[in-house]
Every structure is written in structure tokens, then in C-alpha cells.
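So the structure is just underneath, and the comments pick up after that.
The values are calculated or read from the model by the stated rules, or taken from the named source; none is laboratory data. All values derive from a computational prediction rather than experimental measurement. Quick reminder, even Gly has a Cβ in these numbers, built from the backbone with ideal geometry, and neighbours come from all protein chains shown. Side chains included, ligands, DNA and RNA excluded: accessible areas come from the protein's heavy atoms. Shrake-Rupley method; radii C 1.70, N 1.55, O 1.52, S 1.80 Å.
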Amino acid sequence: MRPRVKIKDLEVSKIALGTWALGGGRDWGAADDNNGAAAILKAVELGINFIDTAPIYGNFHSETLLGKTLKNIRSKIVLATKCGLLAGPRAVRRDLSPQSVREELEGSLRRLKTDYIDFYIIHWPDKNIPLSQTLGEMLRLKEAGKIRHIGVSNFDNTLLKEAVKFADIAVVQNEYSYLRRSAGEEVFETARKHNIAFLAYGPLAGGILSGKYKKEPNLPNNDARNFFYKCYRGEAFKSALDIASKFERIAVSRGVSAAQVAINWVLANQYVSCAVCGARNPPQVEDIASALSWRLNASEQNFLTENK
Ligand SMILES: NC(=O)c1ccc[n+]([C@@H]2O[C@H](COP(=O)([O-])OP(=O)(O)OC[C@H]3O[C@@H](n4cnc5c(N)ncnc54)[C@H](OP(=O)(O)O)[C@@H]3O)[C@@H](O)[C@H]2O)c1
């Protein structure tokens with residue numbers, strides 16, 4: 001059995017499969033659904049029972065693919081999906097109004113072919129809607145049995161402290177990797193104090209920390225690796241490569257991959273419950289799942305701390 005962690009009443013793998021890239025579309029380029037479905041099933045086969053998605057990933061495509069792929073094994077999976085980001089004609093817009101949240105959930109349930117979501121997560125804050133209203137609606141959805149637990153994402157410490165006044169928050173999903181940690185540090189203590197599991201997303205900063213890029217990839221401006229991770233060009237690219245080469249040093253001496261080192265560094269943080277790792281195909285899933293079979297030792301951790 002692979003390492004698991006308890007979040008409320010649910011036992012989940014310490015690695016969750018992230019499915020943003022599996023949605024394909026503008027953010028990550030075309031998705032190969034056969035590979036995507038095979039990646040999802042490989043994850044389940046290897047003991048990854050926690051899967052993260054959102055309606056916005058591939059403009060509903062990620063959820064649709066998951067619904068088809070998991071339809072006979074839904075009950076074995078812990079599913080997280082999100083609300084509050086909607087694709088507009090030109091740009092993505094935020095809407096956390098109760099009506100929109102309610103409608104979004106119905107769409108997610110339909111696409112995911114299920115009648116409940118295990119973790120229903122606010123994707124990004126919406127400054128136009130009081131948090132009390134959004135969380136009030138989520139509490140009603142929880143009472144109705146349509147969601148099991150409430151989560152938030154991309155919340156800073158101030159917002160997280162605000163959120164716990166209105167609802168029992170089960171998870172906070174923020175970005176956290178060796179390269180990009182700002183969204184994590186400040187919320188760790190608040191999360192611990194309120195028994196909120198910290199889900200670290202983007203442990204490879206979109207793939208670059210696996211060490212796979214030896215020169216700048218030629219990605220469009222509207223690819224997630226440019227507009228979101230922002231470390232695939234110029235000085236930021238060089239810094240990321242530098243970190244990847246440190247991971248590679250450890251990886252070579254251990255006979256593992258640099259991606260596994262990057263994920264293990266995230267999981268070594270005592271505040272982190274799960275690393276939400278994206279993967280596009282079965283070999284990538286096999287690699288990230290293997291990160292759970294070993295741990296960084298103290299001298300490797302010191303090496304990474306001292307050479308930050
Ligand atoms: N709440 C939020 O706002 C938010 C934001 C971002 C992400 N997330 C969640 O977190 C998940 C993870 O983040 P992410 O997918 O953006 O980035 P990530 O996990 O840092 O990187 C994933 C990408 O790295 C590459 N990769 C994966 N395994 C690899 C391996 N073993 N060797 C080499 N390359 C490998 C793949 O891309 P290539 O094959 O194309 O290189 C994959 O799509 C998302 O899928 C999503 O579920 C949430």
C-alpha cells in the first residue's frame with residue numbers, strides 16, 4: 001500500500017493526480033485522450049486514489065474525460081473539482097455568486113457522472129462576492145449531500161482566516177514547489193491550526209523541474225507554462241534550470257528521476273498533506289508515483305537548503 005493521509009473522513013494517497021494538462025486546449029496544447037485515459041487508469045492501478053480537476057481545465061474537457069474514464073470505479077476515487085472560474089469569450093472570469101456556484105456544481109456532477117463531489121473547492125477568490133455568501137451556498141450543497149467537503153484554493157493567509165469563520169474548510173490547495181513557494185508559507189500555520197489539509201499544486205512548476213528542458217521551449221504566450229508558471233523564458237528559465245540541475249545531482253546518486261526529487265522535496269514539508277502532480281501519460285504517472293517509494297535523507301535536504 002502506498003503512503004496515504006487522512007483528510008476528514010477520507011483516506012487519500014499523498015500524491016493526487018492533477019488533470020489540468022489532460023484537458024488540453026489553449027492552456028497546454030492538444031490533449032491525447034487515449035493517453036489521458038490511460039494515465040488516469042495507471043494512476044488508479046498504482047494506488048493514487050485522489051484526482052483533482054476543474055471545469056475550466058480544457059473548457060470542461062478534463063472533467064468529461066474523467067467522467068468517462070472513471071464511470072465504473074467512481075466509488076473508489078476521491079474527486080476534487082472547483083468552482084468560480086468561467087471561460088468567457090475573450091478571457092477567464094471569476095464568479096463566486098451562489099447561483100453560479102450552484103449551476104457550476106450541477107455541470108460538474110453531470111460531466112463527472114457522479115452525484116457527489118468529495119472536495120468542492122473555490123478555485124480563485126472573487127473580490128466582488130462576499131465570502132460568506134459563497135461559503136453559505138457551499139454549506140447548503142453540503143447539507144444536500146452533493147458535496148462532502150469544502151475547500152479553497154489560491155487563498156492567502158488573510159482570506160483563509162476569513163473563510164474559517166463561515167465554514168469548516170477541509171483543504172487549501174495552493175501552489176508550492178521548490179521554485180515557487182510564496183502561496184504556501186504564510187498559510188501553513190493557519191491550516192494546521194484549523195485542521196485544514198494543505199494540497200501543494202504544481203510541484204514541477206509545469207514540468208520544468210523534471211530537468212527535461214535543456215533549452216527554452218518554444219511555447220505560445222497563452223500556454224500555461226508561460227502565462228501561469230512564468231519560468232520558461234529568459235532569466236526565470238535559467239533559474240529554474242539551475243534548480244533542476246540540483247535535483248538531477250540527487251537523482252543520479254539515487255537512481256531516480258529529478259521529477260521525483262522535486263515531488264519529494266514538497267512532500268518532505270511537514271505541513272504538506274498531498275502533492276497535486278500533473279501527468280499526461282502512463283510513464284509520467286509511473287514516475288511520479290515512484291516518488292512515494294523513497295524519501296530525501298537529511299544530507300540531501302541540507303544540500304537543497306544550502307544551495308537554494
Ligand atoms: N488550484 C489551482 O489554481 C491550480 C493551479 C495549477 C494547477 N493545479 C492542479 O495541480 C495539478 C498539477 O499542476 P500542473 O499540472 O499545472 O503542473 P506540474 O504538476 O508541476 O507539472 C505537470 C507537467 O509536468 C510534466 N511531467 C509530469 N511528470 C513528469 C515526469 N515524470 N517527467 C517529466 N515531465 C513530467 C507534464 O507535462 P509535459 O509532458 O507537457 O512536459 C505534466 O503535465 C494540475 O494538473 C491541477 O490539477 C491547480
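How charged is the neighbourhood of ALA37? Take every other residue with its Cβ under 12 Å from the Cβ of ALA37, and add Lys/Arg as +1 and Asp/Glu as -1. My count for the surroundings of ALA37 gives +2.
In this simple spin-label model, placing a label point 7 Å from the Cα along the Cα-to-Cβ direction at both ALA268 and LYS215 gives a separation of 3.3 nm. Protein heavy-atom accessible surface, 1.4 Å probe, per residue over the chain: 44 Å².
At 27 angstrom or more along the helix axis (alpha-carbon based) and mean Kyte-Doolittle of 0.5 or higher, what helices does the chain contain? Whole DSSP H runs only. Don't skip to the answer; put the middle values down first.
On the way: long enough: 234-254 (30 Å, -0.01).
The qualifying helices: there are none.
Between Rg and the Kirkwood Rh of segment 224-302, both from Cα atoms, what is the Rg to Rh ratio? Radius of gyration over Kirkwood radius for segment 224-302 works out to 0.97. Quick note on segment 1-115: its Rg to Rh ratio, both from C-alpha atoms and Rh being the Kirkwood radius, is 0.98.
Of all DSSP-defined beta bridges confined to segment 65-169, some 25% are antiparallel rather than parallel. To put it simply, the accessible area of segment 143-272 at a 1.4 Å probe is 49 percent carbon and sulfur. VAL276 sits among other residues whose Cβ lies under 10 Å from its own Cβ, and their net charge, with Lys and Arg +1 and Asp and Glu -1, is -2.
Under the simplified labelling scheme, the LEU86-ASN72 pair shows an inter-label distance of 3.7 nm, with each label point 7 Å from Cα along Cα→Cβ.
When Rg and Dmax are taken over the Cα atoms of segment 170-267, they come to 14.5, 44 Å.
In plain terms, the bigger the Kirkwood radius, the slower the diffusion; for segment 184-227, with that radius from Cα pairs, at 25 °C and 0.890 mPa s, Stokes-Einstein puts D at 188 µm²/s. Each principal axis of segment 85-204 carries a Cα extent, and these read 36, 35, 29 Å when sorted largest first. Over all pairs of different C-alpha atoms, segment 73-134 has a mean inverse distance whose reciprocal, the Kirkwood radius, equals 12.5 Å. Can you give me the distance in nm between label points at ASN128 and VAL252, each placed 7 Å from the Cα along the Cα-to-Cβ direction? Simple spin-label model gives 5.3 nm for this pair. The number of Lys pairs in segment 185-308 with C-alpha atoms less than 27 Å apart, excluding pairs fewer than 8 positions apart on the same chain, is 18. DSSP finds beta bridges in the chain, and of those with both partners inside it, around 20 percent are antiparallel. For the chain, averaging the sequence separation of C-alpha pairs within contact (under 8 Å, six or more residues apart) and dividing by the residue count gives a relative contact order of 19 percent. Note on segment 197-252: semi-axes of the ellipsoid equivalent to its C-alpha gyration tensor, largest first and rounded to whole Å, are 19, 17, 8.
Quick one: net charge around ALA259, please, counting Lys, Arg +1 and Asp, Glu -1 for every other residue with C-beta under 13 Å from its C-beta.
On the way: positive: LYS212, ARG254, ARG280; negative: GLU248, GLU286, ASP287.
It works out to a net charge of 0.
The orientation-averaged projection of the convex hull spanning the C-alpha atoms of segment 156-224 amounts to 5.8 square nanometres. For the chain, the convex hull drawn through the C-alpha positions has a volume of 129 cubic angstrom per residue.
Could you give the C-alpha radius of gyration of segment 1-56 expressed as a fraction of 2.2 N^0.38 Å, taking N as the number of residues it contains?
Details: Rg = 12.8 Å, N = 56, 2.2 N^0.38 = 10.2 Å.
My calculation over the Cα atoms of segment 1-56 gives 1.26.
Based on the Cβ-Cβ distance from TYR116 to ARG295, what FRET efficiency comes out when R0 is 30 Å, to the nearest 0.05? Here the calculated transfer efficiency is 0.30.
Using the Cβ-Cβ distance between GLU306 and SER239 with R0 set to 22 Å, the FRET efficiency from 1/(1 + (r/R0)^6) comes to roughly 0.85.
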